[in-house]
Amino acid sequence: MWPSKAMNQTLRPQYHFRKSPQGLLAWDVRRLVKLSATLPVHQVAVATIAELNEVHWYGHDTAAPTCASIVEHCSLILAADLSYPIILDEQARVMDGMHRVCKALMQGLTHVSAVRFPVDPAPDYVNREPDTLPYE
């Protein structure tokens, strides 16, 4: 079990997106944190995180890797708290925590704490554009 309550109190509204035949799926990360709170924490090798070598933060909408957006992600990486585990789906894909994975990589760490859903929770939104979701 991990301290998801403390994380949820400071977590900015954000979503995990995944393309599907039904359209874009979106999970509210705050809900993922709550749902994963009782999952066991284990160590995952940073080198096994596939998203490190894929387009991750861009490609779901009109967001582009501009210098300003990269700086924003760098700021989030620097502020990331490695004491919280990343959240993986049933296929070991990152649902939350890429800024923490990037921070671990930048610091030369070989492993990061993680929790993993044995079965993926249902998405919160189906076929909704990211800019139409609530961010309050």
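The values are calculated or read from the model by the stated rules, or taken from the named source; none is laboratory data. Keep in mind that what you see is a predicted model, and the values were worked out from it rather than measured. Cβ coordinates were reconstructed from backbone atoms using ideal geometry, including for glycine residues, and neighbour counts include every protein chain displayed.
Of the residues making up region 44-85, those that are more than 16 Å from Met106 (Cβ to Cβ), at pLDDT 95 or above and in a helix (DSSP H, G or I) number 1.
Within region 74-98, the residues that satisfy the criterion of being farther than 16 Å from Ala50 by Cβ and surrounded by fewer than 20 Cβ atoms within 10 Å (Cβ to Cβ) are Cys74, Ser75, Leu76, Ile77, Leu78, Ala79, Ala80, Asp81, Leu82, Ser83.
Among the residues of region 65-96, the ones that are in contact with a Pro (Cβ under 7 Å, 6 or more places away or on another chain) and closer than 14 Å to Gln43 by Cα come to 0 in all.
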